[in-house]
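Heads up, the thing below is written out as structure tokens.
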Amino acid sequence: MKHQLIIPALLLGVLVSCETPQAICDRAQTMYEAKDYTGAVPLYRKAAERGNPDAQLMLGKCYDFGYGVKKDTAEAVHWYTLSARSGNADAQNNLAGCYYSGAGVPVNMQTAVHWYRKAAAQGSPVAYNNLGLHYLNGQGVEQNREMAAEYFAMAAHNEDANGQYNLGKCYYMGLGVPQNMEQAKFWVGKAAEQGHRNAALFMQDNNW
């Protein structure tokens, strides 16, 4: 007669609790991608409360967009901040966007720039493009079109469609770079190839 392995309920609970925060976050992510947000949120929360930056980011997104929970931008900012402070570049970008638009926090361009810089230091193309916009418009920094074009170029060379479109427009209008229609057409075209709607319309308007 074979002996059956019987795991006491208390021990089983201990084994379940030993699941790592990342493993819990990964299970939540599977549910999130299947659009099972109500199932994903409790798992994200469990991992987030145990300090997992990826779970904190995703829980922030759920509150930001109302996925599986009531939309609450202030709560989104809370979780984005925890994740951003742990070095998550996506959270840093999202938190910067909140300060830029005043979602869940008062508008603060300097703080937006601070977090975009943090993300840019990690090589985020999204942050490069957004820093370019801040320098182009003088929001949170002194206006500097040359610096704006440099950041757009960094985003563009990293395949960011917004950066490609913005760099193309800089060449088109001579903002921060010498006016160059060939370069303008090239970069706007690259953005259009990625499905950037405004880039495609710009191409049409200029018969490119």
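The values are calculated or read from the model by the stated rules, or taken from the named source; none is laboratory data. For clarity, every value in this text was computed on a predicted model and none was experimentally measured. A quick note on method: Cβ atoms are made from the backbone with ideal geometry, for glycine too, and the neighbour counts reach across all protein chains shown.
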Inset, instruction - Check Leu133, Leu201 and return the single one that is in a helix (DSSP H, G or I) and within 25 Å of Ala84 (Cα to Cα). - result: Leu133
Legend entry - Only listed residue being of a type in the set (Gly, Ala, Ser), free of Cβ contacts under 8 Å to residues at least 40 places away in the same chain and surrounded by fewer than 22 Cβ atoms within 10 Å (Cβ to Cβ), chosen from Ala112, Ala148, Ala120, Ala153: Ala153
Legend entry - Of all residues in segment 46-72 being out of contact with any helix residue (DSSP H, G or I) (no Cβ under 6 Å at 6 or more places or on another chain) and in contact (Cβ under 8 Å) with a residue 12 or more places away in the chain, the one that is farthest from Ala23 (Cα to Cα): Lys61
Legend entry - Residues located in segment 90-130, provided they are under 22 Å from Lys169 (Cβ atoms) and not in a helix (DSSP H, G or I): Ser124
Inset, instruction - Within segment 44-58, track down each residue that is in a helix (DSSP H, G or I) and buried (at least 24 other Cβ atoms within 10 Å of the Cβ). - result: Tyr44, Ala47, Ala48, Ala55, Gln56, Leu57, Met58
Inset, instruction - Scan Gly104, Gly176, Gly168 and give me the residue that is surrounded by fewer than 21 Cβ atoms within 10 Å (Cβ to Cβ) and either modelled with pLDDT of 95 or more or closer than 30 Å to Trp79 by Cβ (or both). - result: Gly104
Legend entry - Exclusive hit being under 16 Å from Gly97 (Cβ atoms) and not in a helix (DSSP H, G or I), set Lys35, Lys61, Lys71: Lys71
Inset, instruction - May I ask you to list pairs of residues, at least six apart or on different chains, whose Cβ atoms are under 6 Å apart, with the first in segment 128-143 being at positive phi and the second being of a type outside the set (S, T, N, Q) and in a helix (DSSP H, G or I)? - result: Gly140/Met109; Gly140/Ala112; Gly140/Val113; Gly140/His134
Inset, instruction - For segment 179-193, enumerate the residues that are surrounded by fewer than 22 Cβ atoms within 10 Å (Cβ to Cβ) and either in contact (Cβ under 8 Å) with a residue 60 or more places away in the chain or among the aliphatic types (A, V, I, L, M) (or both). - result: Met181
